[in-house]
Amino acid sequence: MESVLAGLLPAPELAPQRLHKAMRYAVLGGGKRVRPLLAFAAAELTSAPARRVEIAASAVELIHAYSLVHDDLPCMDDDDLRRGKPTCHVEFDEATALLVGDALQTLAFQLLAHQELCDAPATQLEMLKHLAIAAGSRGMAGGQAIDLDSVGKSLSVPELEFMHIHKTGALIRAAVKLGTLCGEKLDKPGEAALEHYAKCIGLAFQVVDDILDAEAPTATLGKTAGKDAEQNKPTYVTLLGAATARDFADELHHDALAALEIFGERALRLRQLADFVVKRQY
Ligand code: GRG
């Protein structure tokens, strides 16, 4: 993914150089690449050609990278450390970071319009629509709006779940969906099982994120630890306690694995990623 993304991003010597350097700074050299890995793992179920998956997975990762750049801005989470490096607006400046997010988002959709992505226009349009909905006000951006609004408030567990299904879950579900759409069509039970897997993994990712924010050190996370408590944000840890939050993550992990049973050995990578999401240390 690192070399694929490096090849798809505008070259640093291309004008406007500062913007292109900042875009590359925000995307390259860090990050777990969970969403691209999920796209590749899901694509194994539909025997998708690797080049197509590279493009679709990159589009999702660019949306993710843009969301992190904007999330770190002073008007949002106001953070100065991301992926073990100064955040984009600290390394460059706020206006550049805003443009980096904008340009990464449009580049993501440009990639989905790539002629190498698909030979069925209807499927390609479906991919565009999926990513647009996942990133927009009914997906990630909407979840972020609820998150910003929830500071200092007490949410119920279903309200917290609604927020995270949008803020974090939508893009994770889109990664899995786009990966499969790069290949042969899945049957209805397969589609439903995979959607359930992605929903469980998306939520588990966030529950674990809340636990790590409360328990892991900044040096391991590569981002400022303890931000949720500092900003008085409701989390699974504040609502359920750390032990119950961990049990909830384990339950979601179990449900995700159960959903994969119908795929047998072909879902090995998806199983491994479910394990990684729940057992990760950063
Ligand atoms: C600005 C529209 C807009 C949305 C921002 C995703 C998001 C919404 C904000 C990120 C804040 C955050 C820490 C959310 C918790 C879950 C999450 C998405 C963590 C970061 O994802 P990782 O761990 O990051 O996959 P890496 O760096 O590994 O790619």
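The values are calculated or read from the model by the stated rules, or taken from the named source; none is laboratory data. Please read these numbers as outputs of a predicted model, since none were measured by experiment. Glycine also receives a Cβ, built like all others from the backbone with ideal geometry; neighbour counts cover every protein chain displayed.
Within region 131-149, can one find any residue that is at pLDDT below 95, among the basic types (Lys, Arg) and out of contact with any Cys (no Cβ under 9 Å at 6 or more places or on another chain)? No - not one qualifying residue is present in region 131-149. Do we have LEU117 as within 14 Å of the ligand (Cβ to nearest atom), buried (at least 21 other Cβ atoms within 10 Å of the Cβ), touching a residue at least 12 places away in the same chain (Cβ under 8 Å) and within 25 Å of GLY202 (Cβ to Cβ) here? So LEU117 does not fit the description; no.
For region 201-254, what are the residues that are among the polar types (S, T, N, Q) and within 14 Å of the ligand (Cβ to nearest atom)? Those that are among the polar types (S, T, N, Q) and within 14 Å of the ligand (Cβ to nearest atom): GLN206, THR218, THR220, THR224, GLN231, THR235. Of all residues in region 198-222, those being crowded, with 22+ Cβ neighbours inside 10 Å and either in contact with a His (Cβ under 7 Å, 6 or more places away or on another chain) or not in a helix (DSSP H, G or I) (or both) number 3. Selection of region 154-171 for residues being farther than 16 Å from TYR236 by Cβ and either near the ligand (Cβ under 9 Å from one of its atoms) or among the polar types (S, T, N, Q) (or both) yields only LEU171. Considering (1) assigned to a helix (DSSP H, G or I); (2) in contact (Cβ under 8 Å) with a residue 60 or more places away in the chain; (3) within 15 Å of the ligand (Cβ to nearest atom); (4) not hydroxyl-bearing (Ser, Thr, Tyr), the lone condition that VAL151 does not fulfil carries the number (1).
When region 182-197 is limited to residues that are crowded, with 23+ Cβ neighbours inside 10 Å and in contact with a Lys or Arg (Cβ under 9 Å, 6 or more places away or on another chain), the one that is farthest from LEU260 (Cα to Cα) turns out to be CYS182.
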